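Worksheet for the structure shown next.
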Amino acid sequence: MANITRVDPFKISNLDPFEDVFRGFFRPVRLESAPDIQIKIDVKEDDKNYTVHADLPGVKKDDIQVIINGNQVSISAEAKQEKEVKEGEKVLRSERYYGKTERSFTLENEINDVEAKAKYTDGVLELILPKKIIQATKKLTIN
């Protein structure tokens, strides 16, 4: 009985008689770049405040910046590489992230930036963002 071979007429490699000879001989080179690190956040809301928890592992407190503009909150952080290579030692692989990352998000209500608080403990930034009290509109009487 004859063997049946499936041929894809649109695949160029089927036309190459040496395809099987060189299969696996050349390995593609994969260059790894620095990962895109994103600040992971949890946002909770109650009647008076928003509470934000942001994961910032490996970042020092002085390298974190929080900007509040109305109802928009921006968090930026920079993780710095501390070079400590001993004599006769070489780095074979480094998977830790070094660089700057930024995250912005918009909340439903404006934030009272005067009373906002921030605390950084064990790689987690906690923001307490009080909602700005909006005065009810007042109708003026025209005399």
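Bear in mind that the values in this text are calculations on the coordinates, not laboratory data. Quick caveat, the model's predicted, so the values are computed rather than measured. Neighbour counts run over all protein chains shown; Cβ positions are idealised from the backbone, glycine included.
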Sorted by chain and number, the residues with a modelled amide H under 5 Å from that of TYR50, at a separation of 5 or more or across chains, are LEU129, LYS131
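Going by average Cβ density within 10 Å per residue, which order do the peptides 52-59, 114-121 take, highest to lowest? Walk me through the numbers before you get to the answer.
Details: 52-59: 17.1, 114-121: 12.1.
Highest-to-lowest ranking by the protection proxy: 52-59, 114-121.
Express in nm, to one decimal, how much length is gained between GLU78 and ASP122 on full extension, taking 0.36 nm for each residue of separation and deducting their alpha carbon distance. Before the final figure, lay out the partial values.
On the way: separation 44, 0.36 × 44 = 15.84 nm, distance 1.58 nm.
Value of the extension gain: 14.3 nm.
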Estimated FRET transfer efficiency when R0 is 30 angstrom, pair GLU115-ASN143 (beta carbons, to 0.05): 0.20
Calculate, for LYS40 and LYS90, the FRET efficiency according to 1/(1 + (r/R0)^6) with r their C-beta to C-beta distance and R0 35 Å; round to the nearest 0.05. 0.60
Find how much the distance from TYR98 to ILE133 grows on full extension, using 0.36 nm per residue of separation minus their present alpha carbon separation; answer in nm with one decimal. 8.6 nm
List every residue whose amide H lies under 5 Å from the amide H of LEU56, counting only residues 5 or more places away in sequence or on a different chain, with H placed 1.01 Å from N in the peptide plane. VAL124, LEU125
